[in-house]
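Encoded as structure tokens, the structure appears first; notes follow it.
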Amino acid sequence: DLRPTYGEMLADRFAGHPWWGWCDLDMAFGDVDGLLPLLLTDGVDVLTFKNEYLSGCFTVFRNCPAVNSAFRNEPLWQRIVADPQYHVWDESGYKHLGEEVNFFNLLKKAGLRVVCRPDLYSFTTATPEHQEVKKHELVDGRMMADGREVLFCHFTDDRWPT
């Protein structure tokens with residue numbers, strides 16, 4: 001739940017960089033240098049890889065005051081970040097008094113340009129809910145998922161080898 005505060009909290013580390021973001025460790029990236037510059041354009045403030053919420057495994061933010069301080073628009077932000085319980089506020093959110101509370105909706109309500117690219121996201125899983133098995137491979141630096149190029153693969157299962 002702390003991730004929405006990183007823009008301000010780590011401002012000294014992000015100074016001089018046009019973008020910042022978060023990334024999980026259980027990922028393999030493809031052609032970042034070829035794909036990301038095409039996605040991080042003047043018409044984008046937030047780039048994420050899910051349709052209805054922020055991608056917890058990888059999301060990129062424009063390094064500017066409107067984006068970095070957007071979390072302050074949530075009246076409950078201090079309570080959320082102080083609570084030791086994880087509320088998933090930074091991703092899909094949670095219900096508070098019947099209201100959906102999540103950072104994705106907050107960014108959109110603030111008028112920020114949130115671009116969702118689920119077509120560039122892939123994952124591995126073999127849970128009972130998702131029996132989908134995809135073939136992932138790196139081909140000349142490009143991450144391929146069942147023959148189509150994606151930016152990354154998120155390893156969401158515990159099978160080894162992947």
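The values are calculated or read from the model by the stated rules, or taken from the named source; none is laboratory data. These numbers come from a predicted model, not from an experiment. Note that each Cβ is placed from the backbone with ideal geometry, even for glycine, and that neighbours are counted across all protein chains shown. These accessible areas exclude ligands, DNA and RNA; they are computed on the full protein's heavy atoms, side chains included. Shrake-Rupley method; radii C 1.70, N 1.55, O 1.52, S 1.80 Å.
For the chain: lysine pairs with Cα atoms under 28 Å, gap of 8 or more or different chains, count?
Lysine pairs meeting both conditions in the chain amount to 7.
Write down the percent of antiparallel bridges among all DSSP beta bridges whose residues are both part of the chain, to the nearest 5.
Taking every DSSP beta bridge with both residues in the chain, the antiparallel ones total about 75 percent.
Taking GluC sites (Glu not before Pro) that fall in a DSSP loop and have at most 15 other Cβ atoms within 10 Å as cut points, what is the longest piece of the chain between them?
With GluC sites (Glu not before Pro) excluded where exposed in loops, the chain gives 53-128 as its longest stretch.
Suppose every K and R has +1 on its Cβ and every D and E has -1 on its Cβ; what is the size of the dipole of the chain about the Cα centre, in Debye to the nearest 20?
Its charge dipole is roughly 380 debye.
Please list the non-local residues whose amide H lies under 5 Å from the amide H of K134, H modeled 1.01 Å from N, same-chain partners needing a gap of 5 or more.
It is T125, by chain and number.
Would you tally the net charge around H87, using a Cβ to Cβ cut-off of less than 15 Å, leaving H87 out, and scoring K and R as +1, D and E as -1?
Neighbourhood net charge equals -4.
With n ≥ 4 as the cut-off for DSSP H runs, can you work out [θ] at 222 nm for the chain, using -39500 (n - 2.57) per run divided by the number of residues, rounded to the nearest 500?
-4500 deg cm²/dmol
In whole percent, how big is the carbon plus sulfur part of the accessible area of region 1-160, probe 1.4 Å, protein atoms only?
53
Quote the charge dipole size of region 1-67 about the Cα centre in Debye, to the nearest 20; the model charges only the Cβ of Lys and Arg (+1) and of Asp and Glu (-1).
100
Which value, in Å², gives the accessible area per residue of the chain when a 1.4 Å probe is used on the protein heavy atoms?
56
Tell me, what HN-Hα J-couplings in whole Hz come from the Karplus equation 6.51 cos²θ - 1.76 cosθ + 1.60 at θ = phi - 60° for each residue of region 68-83, using x for Gly and Pro?
Working through the residues one at a time gives 5, 9, 4, 4, 5, 6, 8, x, 9, 4, 5, 5, 4, 6, 7, 6 Hz.
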